[in-house]
Amino acid sequence: MGTTHAALDALPASRTVEYVRGLLVAHGCLPPRDPHLATFERWLAAKLAQLDDPQQRQLIERFARWHLLPRLRRQAQDGPVPTGAFLHAKQATTVAIQFLAWLAGRGRDLPNASQHDLDAWFATGPSTRRHATKLLSWAREQRILRGVELPPRPVSQGPVMSQQERLDHLRRVLAHDDLHVAHRLVAVLVLLFGQPISKIVRLRRDDVTVTADAVTLRLSDDPITLPAPVAELMTAFLADPRYRRNTAANRDSPWLFPGTSPGRPLHIYSARDMLHDAGIPTLAARTGTWLQLVRQAPPAILADALGLNVNTAMRYANLAGENYLTYAASQADDR
């Protein structure tokens, strides 16, 4: 009998097992599967088995299998499930279990939860309790929970890198080679295009096209032409053998930033470490970049060009104090 994913899953979890799995997938001996999706499915089964109350177990299973898992599976169809999405699904499940246990301690279940119960839950615990809104929103959609209002999501801008600091970092990573070329390229993708780390690590080698006239990068449907300094950095990166890792264990990797595991892209934490090593705070840099971008062009156009969700782009526009809804209306009136 040949090795299967199930056979490997039955072994004690370890990096060695996952490395062997990656080798078998890379060489066609096992079918590919998303590691985050598979891990969440196994983790969920173990969590459900720990729940003694049958009603709570049934609710959590419905919530996770009908709401959280389908989202992860849709993401897996387009590429690797982002680490953030995987962690959010786990946290939403964990906090949902905690909330149902807390309700039970008050002598209530989810269908009979009152506004007073919800207000007490959110007011008396840590900020992580807000993850219960995923369960509560789903329960309202399913008409399990009625007659309650969920607290509004708090608006928090977080740390912001100033424009001058951002430009200083850009000049440094473009002009100086004191950093590894991969570190410099990751930094530029954040500082110039506002790309999230989760998307950067999922870029593929065929997203980059190099011709005699230009170097283009596809961040959405239409590729963008890289300015000369960035184009030079990209070609230097592609020529650097340290980051292609085309070994027998990771042959012909399709990823722009290959990881150390066979067939896998660079881990999101490794990419964050690259920025940290470059002295660049990830969130502050990305927020500062987008606050500048939305001052230069409408968020819908930016979202389309740079592959960002338009609602996220609008949020940055609102933070920047730019009313692009008015802009869009005026453009429509001019037609």
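Each reported figure results from applying straightforward, stated rules to the coordinates on display, with no laboratory input. These numbers were taken from a predicted model, which means no experiment stands behind them. All Cβ positions, glycine included, derive from the backbone under ideal geometry; neighbour counts span all protein chains shown.
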Below 8 Å between Cα atoms, with a sequence gap of 6+, how large is the relative contact order for region 163-293 in percent?
32
For residue 142, distant residues with modelled amide H under 5 Å away
none
Could you pull out every residue, at least 5 positions away or on a different chain, whose amide H is within less than 5 Å of the one on residue 255? Hs are placed 1.01 Å off N in the peptide plane, and Pro or chain starts have none.
205
Region 56-83 versus region 91-111: alpha-carbon centroid distance in Å:
19
Which of these, 127, 114, 220, has the largest mean-square fluctuation under a Gaussian network model of the chain (Cα springs below 10 Å)?
127
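What size of dipole, in debye to the nearest 20, comes out for the chain about its Cα centre when the only charges are +1 on Lys and Arg C-beta atoms and -1 on Asp and Glu C-beta atoms?
Details: 40 positive and 31 negative charges, 181 e Å.
Here the size comes out at about 880 debye.
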Selected from 38, 187, 212 as most flexible by GNM, with the chain as the system and alpha-carbon contacts under 10 Å
212
Note on the chain: alpha-carbon gyration tensor, axes a ≥ b ≥ c; rule is a/c under 1.5 for rounded, else prolate if a/b larger than b/c, else oblate; result oblate
How large is ³J(HN,Hα) for each residue in region 185-201, as worked out from phi by the Karplus curve 6.51 cos²θ - 1.76 cosθ + 1.60 (θ = phi - 60°), to whole Hz, x for Gly and Pro?
5, 4, 4, 5, 5, 7, 6, 9, 10, x, 6, x, 4, 4, 7, 4, 5
Starting with the fewest neighbours, write out 269, 316 ranked by other beta-carbon atoms found within 10 Å of each beta-carbon.
269, 316
Sequence of 161, 234 once ranked by neighbouring C-beta atoms within 10 Å, starting from the fewest:
234, 161
In whole percent, what relative contact order does region 34-141 give with Cα contacts below 8 Å and a gap of six or more residues?
30
For the chain, with a Gaussian network of springs between Cα atoms less than 10 Å apart, report the residue from 183, 116, 131 with the top mean-square fluctuation.
116
Rounded to the nearest 500, what is the 222 nm mean residue ellipticity of the chain from helices alone, with -39500 (n - 2.57) per DSSP H run of 4+ residues and division by all residues?
-16500 deg cm²/dmol
5 angstrom amide H check on residue 215, placed H, neighbours 5+ away:
226
Report the relative contact order of the chain, percent, no decimals, based on alpha-carbon pairs under 8 angstrom and at least 6 residues apart.
16
